[in-house]
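*Asks:* Just dropping this structure here.
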Amino acid sequence: MNKQKTYYITTPIYYVNDSPHIGHAYTSLACDVIARFKRLDGFAVKFLTGTDEHGQKVEKAALAANKSPQNFVDEVSVRFRKLGEIMHFTNDDFIRTTEERHKKAAIILWQKLQENGHIYLSKYAGWYSVRDEAFYAEGELIEGKAPTGAPVEWVEESSYFFDLSKWQDKLLELYEERPDFIMPESRRNEVISFVKGGLNDLSISRTSFKWGVPVPGDNNHIMYVWIEALANYISAIGYGDENAVDFNKFWPANIHMVGKDIVRFHAVYWPAILMAAGIELPKRIFAHGWWTNEGQKISKSLGNIIDPLQLVEEFGVDQVRYFFMREIPFGNDGNFSRDSLINRINSELSNNIGNLLQRTTSLIQKNCDGTIASSKYIDLAYQQSIVKDANLLLSKVRDKIELQDFPGAIELIINIANQANIFIDREAPWLLAKTDDDRMRQVLYIIMEVMRYIAILLQPFTPESASKILNQLNIPLNSRDFACLNKENAIKFDKKLSQPSAIFPRFNK
Ligand code: MSP
């Protein structure tokens, strides 16, 4: 028997200093779409997300909230889990960096680096930004601030270092040999020029605060939060435990999905650390862009945070998922506006797909008593160009998903729905009802079969609505994966269709 193909995808782990907002939901949503897609495509999937709970930033936030760090992180972490439930994310695991399993693995990773001679003790003197949890060189500062605009403070303390400077050539070789290691291209170029500019050894411990994982053998030092946090990708699957089934099964990860702001940590530090520890490298780092709100940078101080929970309440979870995956080329920055959200919902979900389904199922109710003698029409349907096109859709959509091109994948599906709308208007089955009963049934059958393809392929993006459509079409639960996108599984009218109900309501501006 063939071994089932595996797929491991991760989100960044989210800082718990803040409430979850649309930026967090976006990274996880992209991963959820891929995870769902891969499951439907026959892969054994591991989809990991979680919370980054250590470090000075979180410690400060806890202090400001007048709570012990542990109580504080327990509370905020739950909010991130809740966001996942509301957005219908299907993560298989949720790692918290305060969990024992994580701390244990982070320590083993540290020891491995030490054993391999890549860690040394020295003194750090330089700039640190708590907000970014990042060290900056003098030359990187802009008007006394971090390039991100975050305030910096001068730090002078004893510190352990990782010998990052020695990895410059190896990293450049890696980017050269594996052009799709960092995507998209613009981020890849940015990383390459950063690494070409030369790398300093990385300070990987701090002594000025306590909220973190102590350095093994030297409790005065706390591991630098980023080194510890990056380890989540392997700690969650049991790194360091000889009997860990998941580590052997799922590592190396297929994708670490991240935002553009944290690409350096993932595409420079993380591969260097892994190479130094003798661990295989992930296959891809994909860095997506940032969302603005009605043209403005999203920030707490501007009070314009987009709350995904509110959006879901107002527009529905699938509508929100659809918009964010559809609106802008994945990798680019994007602007959120209510108008464009409503436009997308109305024009593509309601008018195009919803309307097509509604029209077809009502005609089948009205003119065919809710059923069609399907076996008579299967061969005929598969001779039609529109069904042939639908049949070719999966491989095209798959190619787009391989490149994390979500809007491209959706567009292919929408195009088929467009074609089906043109087809129904041209054939006018409501007129055929009076002149050619057999052709009317053919036409309705063809559209239902195309609708089956559309709904099955929409599942990763709009899971709840897709399943409502498939329920309306009476497609059994075990016939909804991609292996069923063929003639053998063509829609059968074993029972009458139930009364149609609106799947995608329209919204007014
Ligand atoms: N804790 C680190 C990641 C450690 S991973 C080993 C972190 N956390 S974060 O909560 O600040 O950010 C998590 C993700 O949210 C990042 O990928 C970031 O790009 C994303 N976003 C935060 N605001 C965003 C927007 N406005 N738009 C899109 N994504 C943004 O960084």
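The values are calculated or read from the model by the stated rules, or taken from the named source; none is laboratory data. Because the structure is predicted, anything quoted here is derived from the model rather than measured. In this analysis, Cβ positions are derived from the backbone assuming ideal geometry, glycine residues included, and neighbour counts consider all displayed protein chains. Surface accessibility is based on the protein's heavy atoms, side chains included, excluding ligands, DNA and RNA. Shrake-Rupley method; radii C 1.70, N 1.55, O 1.52, S 1.80 Å.
*Asks:* Can you find, within region 281-315, the residue that is nearest to Thr148 (Cα to Cα) among those that are among the β-branched types (Val, Ile, Thr) and either more than 10 Å from the ligand (Cβ to nearest atom) or surrounded by fewer than 14 Cβ atoms within 10 Å (Cβ to Cβ) (or both)? Give the derivation first.
*Replies:* Initially, region 281-315 is screened for residues among the β-branched types (Val, Ile, Thr), giving 285, 292, 298, 305-306, 312.
Filter once more, keeping what is either more than 10 Å from the ligand (Cβ to nearest atom) or surrounded by fewer than 14 Cβ atoms within 10 Å (Cβ to Cβ) (or both): 285, 312.
Working: Ile285: 21, Val312: 30 Å.
Ranking the qualifying residues of region 281-315, first place goes to Ile285.
*Asks:* Across region 254-312, which residue is farthest from Thr6 (Cα to Cα) among those that are assigned to a loop (DSSP other than H, G, I, E, B) and in contact with a Pro (Cβ under 9 Å, 6 or more places away or on another chain)? Show your work before the answer.
*Replies:* In the first step, residues of region 254-312 are kept if they are assigned to a loop (DSSP other than H, G, I, E, B); the result is 254, 278-284, 289-290, 294-295, 298-307.
Narrowing the set further to residues that are in contact with a Pro (Cβ under 9 Å, 6 or more places away or on another chain) leaves 254, 279-283, 289, 307.
Numbers: Asn254: 9, Ile279: 18, Glu280: 16, Leu281: 16, Pro282: 13, Lys283: 13, Gly289: 27, Asp307: 34 Å.
Residue satisfying both the conditions and the ranking: Asp307.
*Asks:* Yes or no: region 393-407 includes at least one residue that is more than 26 Å from Met257 (Cα to Cα), at pLDDT 95 or above and surrounded by 23 or more Cβ atoms within 10 Å (Cβ to Cβ).
*Replies:* Pass one, region 393-407, residues more than 26 Å from Met257 (Cα to Cα): none.
No, region 393-407 contains no residue that is more than 26 Å from Met257 (Cα to Cα), at pLDDT 95 or above and surrounded by 23 or more Cβ atoms within 10 Å (Cβ to Cβ).
*Asks:* Let me ask something else about it. Would you confirm, using the coordinates I've provided, whether Ile328 is farther than 30 Å from Lys166 by Cβ and in a loop (DSSP other than H, G, I, E, B)? It would help to see each step written out before you state the result.
*Replies:* Working: farther than 30 Å from Lys166 by Cβ: yes; in a loop (DSSP other than H, G, I, E, B): yes.
It is true that Ile328 is farther than 30 Å from Lys166 by Cβ and in a loop (DSSP other than H, G, I, E, B).
*Asks:* Filtering region 371-392 down to residues that are of a type in the set (Gly, Ala, Ser) and modelled with pLDDT under 95, which residue is farthest from Phe493 (Cα to Cα)? Give the steps one after another, and end with the answer.
*Replies:* Step one: list which residues in region 371-392 are of a type in the set (Gly, Ala, Ser), which gives 373-375, 381, 385, 390.
Now restrict to residues that are modelled with pLDDT under 95: 373-375.
Working: Ala373: 7, Ser374: 6, Ser375: 9 Å.
Out of the qualifying residues, it is Ser375.
*Asks:* Another one. What's the number of the only condition in (1) within 11 Å of the ligand (Cβ to nearest atom); (2) modelled with pLDDT under 95 that Ser208 fails to meet?
*Replies:* Going through (1) within 11 Å of the ligand (Cβ to nearest atom); (2) modelled with pLDDT under 95 one by one, Ser208 breaks only (1).
*Asks:* For region 14-46, which positions are more than 24 Å from Asn332 (Cβ to Cβ) and hydrophobic (A, V, I, L, M, F, W, C)?
*Replies:* Within region 14-46, Val16, Leu40, Phe43, Ala44, Val45 qualify.
*Asks:* Taking Asn474 as the residue in question, decide whether it is among the polar types (S, T, N, Q) and more than 21 Å from Gly370 (Cβ to Cβ). Step through it out loud before you land on a result.
*Replies:* Numbers: among the polar types (S, T, N, Q): yes; more than 21 Å from Gly370 (Cβ to Cβ): no.
No.
*Asks:* A further question on this structure: Yes or no: region 156-167 includes at least one residue that is touching a Lys or Arg at 6+ places or on another chain (Cβ under 6 Å), part of a strand (DSSP E or B) and open to solvent by less than 60 Å² (accessible area, probe 1.4 Å). Please lay out each step first, then the result.
*Replies:* First, the residues of region 156-167 that are touching a Lys or Arg at 6+ places or on another chain (Cβ under 6 Å): 158.
Narrowing the set further to residues that are part of a strand (DSSP E or B) leaves 158.
Restricting the remaining residues to those that are open to solvent by less than 60 Å² (accessible area, probe 1.4 Å) gives 158.
Yes, the conditions are met somewhere in region 156-167.
*Asks:* Please indicate, with yes or no, whether at least one residue in region 239-246 is over 22 Å from the mean Cα position of the chain (by Cα), more than 11 Å from the ligand (Cβ to nearest atom) and either modelled with pLDDT of 95 or more or open to solvent by less than 20 Å² (accessible area, probe 1.4 Å) (or both). It would help to see each step written out before you state the result.
*Replies:* Residues of region 239-246 over 22 Å from the mean Cα position of the chain (by Cα): 239-245.
Pick out the ones that are also more than 11 Å from the ligand (Cβ to nearest atom) and you get 239-245.
With the extra rule that they be either modelled with pLDDT of 95 or more or open to solvent by less than 20 Å² (accessible area, probe 1.4 Å) (or both), the set shrinks to 239, 244.
So far as region 239-246 goes, yes, one or more of its residues are over 22 Å from the mean Cα position of the chain (by Cα), more than 11 Å from the ligand (Cβ to nearest atom) and either modelled with pLDDT of 95 or more or open to solvent by less than 20 Å² (accessible area, probe 1.4 Å) (or both).
*Asks:* Quick one: is Tyr233 assigned to a helix (DSSP H, G or I), in contact (Cβ under 8 Å) with a residue 60 or more places away in the chain, closer than 17 Å to Asp163 by Cβ and within 12 Å of the ligand (Cβ to nearest atom)? Show your work before the answer.
*Replies:* Details: assigned to a helix (DSSP H, G or I): yes; in contact (Cβ under 8 Å) with a residue 60 or more places away in the chain: yes; closer than 17 Å to Asp163 by Cβ: no; within 12 Å of the ligand (Cβ to nearest atom): yes.
No, not satisfied.
*Asks:* Take the conditions open to solvent by less than 20 Å² (accessible area, probe 1.4 Å), within 37 Å of the chain's Cα centre (by Cα) and farther than 17 Å from Ala490 by Cα and apply them to Ser362. Does it pass? Talk me through it step by step, then tell me what you get.
*Replies:* Working: open to solvent by less than 20 Å² (accessible area, probe 1.4 Å): no; within 37 Å of the chain's Cα centre (by Cα): yes; farther than 17 Å from Ala490 by Cα: yes.
For Ser362, the condition - open to solvent by less than 20 Å² (accessible area, probe 1.4 Å), within 37 Å of the chain's Cα centre (by Cα) and farther than 17 Å from Ala490 by Cα - is not met.
*Asks:* Right, next: Filter region 365-392 down to the residues that are in contact (Cβ under 8 Å) with a residue 24 or more places away in the chain, open to solvent by 50 Å² or more (accessible area, probe 1.4 Å) and under 37 Å from the mean Cα position of the chain (by Cα) and list them by number.
*Replies:* Selection gives Asp389, Asn391.
*Asks:* Another question about this same structure. Any residue in region 480-497 that is of a type in the set (Lys, Arg) sitting within a Cβ distance under 6 Å of a residue that is surrounded by 19 or more Cβ atoms within 10 Å (Cβ to Cβ)? List the pairs, counting only those 6 or more apart or interchain.
*Replies:* Arg480/Ile456; Arg480/Leu470
*Asks:* Please go through region 129-146 and pick out each residue that is open to solvent by 60 Å² or more (accessible area, probe 1.4 Å) and part of a helix (DSSP H, G or I).
*Replies:* Start the filter on region 129-146 by keeping residues that are open to solvent by 60 Å² or more (accessible area, probe 1.4 Å), which leaves 131, 138-139, 142-143, 145.
Glu138, Gly139 - these are the residues of region 129-146 that are open to solvent by 60 Å² or more (accessible area, probe 1.4 Å) and part of a helix (DSSP H, G or I).
*Asks:* Right, next: Only one of Gly126, Gly149, Gly117 is more than 16 Å from the ligand (Cβ to nearest atom) and assigned to a loop (DSSP other than H, G, I, E, B); which?
*Replies:* On the way: Gly126 fails: assigned to a loop (DSSP other than H, G, I, E, B); Gly149 fails: more than 16 Å from the ligand (Cβ to nearest atom).
Only one candidate qualifies: Gly117.
*Asks:* While we're looking at this one, here's another question. Taking region 409-431 on its own, how many of its residues are more than 21 Å from Tyr382 (Cα to Cα) and open to solvent by less than 70 Å² (accessible area, probe 1.4 Å)? Lay out the reasoning, then the answer.
*Replies:* Initial filter on region 409-431 (more than 21 Å from Tyr382 (Cα to Cα)): 409-411, 430-431.
Checking which are open to solvent by less than 70 Å² (accessible area, probe 1.4 Å) leaves us with 409-410.
Of the residues in region 409-431, 2 are more than 21 Å from Tyr382 (Cα to Cα) and open to solvent by less than 70 Å² (accessible area, probe 1.4 Å).
*Asks:* Please tell me if Arg452 is in a helix (DSSP H, G or I), of a type outside the set (Val, Ile, Thr) and surrounded by fewer than 22 Cβ atoms within 10 Å (Cβ to Cβ). Lay out the reasoning, then the answer.
*Replies:* Values: in a helix (DSSP H, G or I): yes; of a type outside the set (Val, Ile, Thr): yes; surrounded by fewer than 22 Cβ atoms within 10 Å (Cβ to Cβ): no.
No: the conditions fail for Arg452.
*Asks:* Is one or more of the residues making up region 5-25 near the ligand (Cβ under 10 Å from one of its atoms), closer than 18 Å to Met325 by Cα, of a type in the set (Gly, Ala, Ser) and touching a residue at least 12 places away in the same chain (Cβ under 8 Å)?
*Replies:* Yes - at least one qualifying residue is present in region 5-25.
*Asks:* Confirm whether Gly278 is at pLDDT 95 or above, within 12 Å of the ligand (Cβ to nearest atom) and of a type outside the set (Asp, Glu). Give the steps one after another, and end with the answer.
*Replies:* Values: at pLDDT 95 or above: yes; within 12 Å of the ligand (Cβ to nearest atom): no; of a type outside the set (Asp, Glu): yes.
Taking the combined requirement at face value, the residue does not satisfy it.
*Asks:* Moving to a separate point now. Just to be sure before I move on: is Glu327 open to solvent by 20 Å² or more (accessible area, probe 1.4 Å), over 30 Å from Phe181 (Cβ atoms) and touching a Phe, Trp or Tyr at 6+ places or on another chain (Cβ under 9 Å) in the structure I sent?
*Replies:* Working: open to solvent by 20 Å² or more (accessible area, probe 1.4 Å): yes; over 30 Å from Phe181 (Cβ atoms): no; touching a Phe, Trp or Tyr at 6+ places or on another chain (Cβ under 9 Å): yes.
So Glu327 does not fit the description; no.
*Asks:* Still on this model: Would you call Glu59 within 16 Å of the ligand (Cβ to nearest atom) and at pLDDT below 95?
*Replies:* yes
*Asks:* I'm told Ile372 meets every condition in (1) more than 30 Å from Lys38 (Cβ to Cβ); (2) in contact with an Asp or Glu (Cβ under 8 Å, 6 or more places away or on another chain) except one. Can you identify the failing condition by its number?
*Replies:* Here Ile372 meets the rest and fails (2).
*Asks:* While we're on this one: Quickly run through region 47-92 and pick out the residues that are within 13 Å of Ile13 (Cβ to Cβ) and small (Gly, Ala, Ser).
*Replies:* Gly50, Gly55, Ser77, Gly84
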